[in-house]
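Data first, discussion second: the structure below is written as structure tokens.
What follows is calculated from the coordinates using simple rules that are stated; it is not laboratory data. All values reported here derive from a predicted model rather than from experimental measurement. As a convention, Cβ positions derive from the backbone with ideal geometry for all residues, glycine included, and neighbour counts pool all protein chains shown.
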Amino acid sequence: MKLFLPWLIAFVEMLVIIYLVSSIIPKVNETYPEPVTQAVSETESSPSAKMVPKEAAKFVIGDQVTLLINTKLRDKPGGELIQTLGLSEVLELTEGPVVKDDSWWWKAKVVSTSESRMEQFGGLTGYIAEGSWLKKK
């Protein structure tokens with residue numbers, strides 16, 4: 001019994017020290033800020049699509065971006081395909097970003113394209129996912 005008591009006291013002291021040290025060290029916040037508002041479009045956007053805080057966005061509304069690869073333009077974030085846009089087309093970001101299915105989506109308007117495709121795509125609007133395929137102009 002004499003040998004057991006010092007070990008028990010040492011163990012309890014160690015637990016107290018761990019508790020005190022862990023309460024002093026600042027905790028890392030592993031959560032993301034809550035989205036600002038629900039996304040709303042002309043055709044009732046998905047209830048799970050949410051606005052992204054501005055400080056997290058790569059672009060801002062009004063930016064013009066150039067497509068570095070063929071990219072899909074959709075009717076809403078994660079929605080139906082409107083058109084596949086080609087390389088080097090320029091889009092103006094008009095709304096967003098919106099988070100849907102772990103992607104950030106921007107409402108965009110085609111502002112520049114090749115002359116042969118201008119009648120087809122000029123002024124076309126829809127949602128485009130943010131990624132490395134968008135380059136700020």
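Give me the number: length gained by fully extending ILE69 to GLN83, i.e. 0.36 nm times residue separation minus the C-alpha to C-alpha distance, one decimal in nm.
Residue separation times 0.36 nm, minus the Cα-Cα distance, leaves 3.7 nm.
A 19 angstrom limit on the alpha carbon distance is what I want to check against. Which of LYS100/LYS136; LYS72/LYS100; LYS76/LYS137; LYS76/LYS136; LYS100/LYS137; LYS76/LYS100 exceed it?
Over 19 Å Cα-Cα: LYS100/LYS136; LYS76/LYS137; LYS76/LYS136; LYS100/LYS137.
Based only on other Cβ atoms within 10 Å, what is the fewest-to-most ordering of LYS2, LYS107?
Final ranking by Cβ density, sparse to dense: LYS2, LYS107.
How do the peptides 128-134, 95-101 rank, highest first, by the average count of neighbouring beta carbon atoms within 10 Å per residue?
95-101, 128-134
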